[in-house]
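Before any comments, here is the structure.
The values are calculated or read from the model by the stated rules, or taken from the named source; none is laboratory data. What you are looking at is a predicted structure, and each value in this text was computed from that prediction instead of being measured. Virtual Cβ from ideal backbone geometry, glycine too; neighbours counted across all protein chains shown.
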Amino acid sequence: MQRVSFVALYDEYCLGVRYMSSVLREAGHQSHIIIFKGVEYISPMEVPPPDKQEEGGYYSMCTYATPTEVDLLLCALREQDPHLVGISFTSISFGLAKFLTKKIQEDLKTPVIWGGVDSTMNANENIQFTDMLCMGEGEYPIRNLVNAMDRGEDADHIPSVWVNKGGSVIRNPSQKLEQNLDNYPFPDFELENKTVILNDSICDSPFPPKSHLYSNFIIMATRGCPFTCTYCCSGHDDVMYKGDRFLRRRSVENVIAELKYRVQTWPWDIERIEFYDDVLPLNKRWIAEFSPNYATEIALPFFGYTHPNVGDPENLRLLQEAGLNYLIMGIQSGSQRTLRKYYDRRHPKEGTIRTVQNILDAGAKVLVDFIGYNPLELEEDNIETLDLIADLPKPSGIIKINPMAFYDNYKIFHIAHQEGIVDQLERPKGVHALQAKPNPLFVFWEYIHTLAHFEGFTKKNIMGFVNDQYLRENPSMLEEITTRLYMATYQDGNPVVNKDQYIQQLRWRAAQAEENSVYRAYRKIRSLVA
């Protein structure tokens, strides 16, 4: 029996790690998952300023580790005494992964294996900083590797595992993808053998304290994506898994079984299910089977992610009847030039508007997001995006204008070089991506686009802002207006919850409480005492 400790950097979701942990346990090994901070803490605002940064720690653009947190990690690993340490991270934490790996290798003398999309896309570079690296999906490769270690066998020929032997790299061919996802055990969301390191402290806990995963349970019904967006890791599956069918779906029975198990065993009240699929309302036959089963067996509100080209009214109706609360749709740009030339997306304005309307007609909410801070976009592209946002059916909230990240070796990364805009980009420390250099014009367009989704703002009256040169150079006024509108319109500024609807819900709950027999008895006693 082997002991494996997984370290997930800034990612309490870590579905890949959780699946690998379950596969190892099923094979008779021990596993422990260490959550090194969480998604909520990825922010430049969280990183201590230079005068507060301690010697012996690591500090990058939006991830960091203090010397105390490094020591806590090393102490935890020494106590767990693993035969193998797995580090899972995204491109934002590449530098942190390098830093922690060196510390682990020096302190524990334990082999370290890296995994995740960043290591798959940048394998030739990443393997230089670790003992081993897992290419692509890791369930079977990690099981085969650990089984070989348990037998005392040479682990140099495990499919999908690259091995660094003192600078000489063994690049093994990729493992074929599992086509029947039901063959995997449920991901490891068990409460035992979980540790969180955060804010110079360590505790046995499944998630960081601010994580919404205590009340939102996440599940993935499909792997892969039918679309090939240039800026997204899912858009590179056809390259990563050439010759394999990468778009795969679990059976309805398997999905419902996992959800039933979690609802029955979860120690906290589950308020909502989060489907982590790239695109949720996709297969008509699957949805027709799923919806009545979910409504009967689970009956919890749920949400997921969708695409402007996926808006079949019947599918949406079935999902809403099952409990669909809202969908998050990545529109990314209103510019047809940008979508086609740079993003490899094909969704005309009319189709996008129709999909949004279909979601609303089905009785669900829709939240949209866009990509900004992109030097590839011109003035006319931004105006076309403004035009689309102003014409979107309401209510539809904008969740975020995401700054474009030109991830290393993604298609969009090569497009940036081909288009000659690299001089307008910079590489943050420790990040495997380029981003736009600061420019007030990017901030200006972020808030212009965000304003356009509020009731009362039309393209015509917003064009007054667009043509104001002072606002272009000093967009802080637009930022303040937008922030105030978010706080006035949405509960706690979160576009998921409209403030008016929240107040109506509180009133309904108060009315329900007033009908409660205990509350009526309390009022009667109170009146007698008074």
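Worth pointing out:
- Filter result for the condition that a residue is touching a residue at least 12 places away in the same chain (Cβ under 8 Å) and within 30 Å of Asn402 (Cβ to Cβ), over Pro267, Pro281, Pro292: Pro281
- Candidates are the residues of segment 441-499 that are of a type in the set (A, V, I, L, M) and not in a helix (DSSP H, G or I); the one that is farthest from the chain's Cα centre (by Cα) is Ala452.
- Condition met for Arg171 (among the basic types (Lys, Arg) and more than 28 Å from Asp204 (Cβ to Cβ)): yes
- As a summary of the residue check, Pro187 satisfies the conditions (1) free of Cβ contacts under 8 Å to residues at least 12 places away in the same chain; (2) in contact with a helix residue (DSSP H, G or I) (Cβ under 8 Å, 6 or more places away or on another chain); (3) not small (Gly, Ala, Ser) except for the one numbered (1).
- For Lys242, the criteria (1) in the same structural domain as Leu84 (by TED's automatic domain parsing); (2) not in a strand (DSSP E or B) hold in every case but one, which is (1).
- Residue count for segment 168-226, restricted to those that are polar (S, T, N, Q), surrounded by 18 or more Cβ atoms within 10 Å (Cβ to Cβ) and under 20 Å from the mean Cα position of the chain (by Cα): 2.
- Qualifying residue in segment 122-144 (condition: closer than 23 Å to Asn183 by Cβ and in a strand (DSSP E or B)): yes
Table: residues versus (1) assigned to a helix (DSSP H, G or I); (2) surrounded by fewer than 17 Cβ atoms within 10 Å (Cβ to Cβ); (3) assigned by TED's automatic domain parsing to the domain that holds Phe303; (4) on the phi > 0 side of the Ramachandran plot.
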site: Tyr231; (1), (2), (3), (4): no, no, yes, no
site: His236; (1), (2), (3), (4): yes, no, yes, no
site: Phe246; (1), (2), (3), (4): no, no, yes, no
site: Ile256; (1), (2), (3), (4): yes, no, yes, no
site: Val263; (1), (2), (3), (4): yes, yes, yes, no
site: Asp269; (1), (2), (3), (4): no, yes, yes, no
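- Some residue of segment 425-440 being among the charged types (D, E, K, R), touching an Asp or Glu at 6+ places or on another chain (Cβ under 9 Å) and assigned to a helix (DSSP H, G or I): no
- Just so you know, in segment 141-167 the residues that are among the polar types (S, T, N, Q) and within 20 Å of Arg223 (Cβ to Cβ) include one that is surrounded by the most Cβ atoms within 10 Å (Cβ to Cβ), and it is Ser160.
- Here the condition is being buried (at least 16 other Cβ atoms within 10 Å of the Cβ) and either in the same structural domain as Thr230 (by TED's automatic domain parsing) or in contact (Cβ under 8 Å) with a residue 60 or more places away in the chain (or both); of Tyr373, Tyr447, it holds for Tyr373 alone.
- Residues that are within 19 Å of Ser168 (Cβ to Cβ) and either in contact with a His (Cβ under 8 Å, 6 or more places away or on another chain) or part of a helix (DSSP H, G or I) (or both) within segment 145-158 comprise just one, Leu145.
- Set Ile398, Ile359, Ile383: member being β-branched (Val, Ile, Thr) and either within 20 Å of Cys232 (Cβ to Cβ) or not assigned by TED's automatic domain parsing to the domain that holds Pro301 (or both): Ile398
- Helices (runs of 4 or more DSSP H) lying entirely in segment 301-401 (those with 2 or more residues that are under 18 Å from Cys229 (Cβ atoms)): 349-361, 379-391
- The condition of being in contact (Cβ under 8 Å) with a residue 24 or more places away in the chain, surrounded by fewer than 19 Cβ atoms within 10 Å (Cβ to Cβ) and charged (D, E, K, R) holds for only one of Glu79, Glu26, Glu55, that being Glu26.
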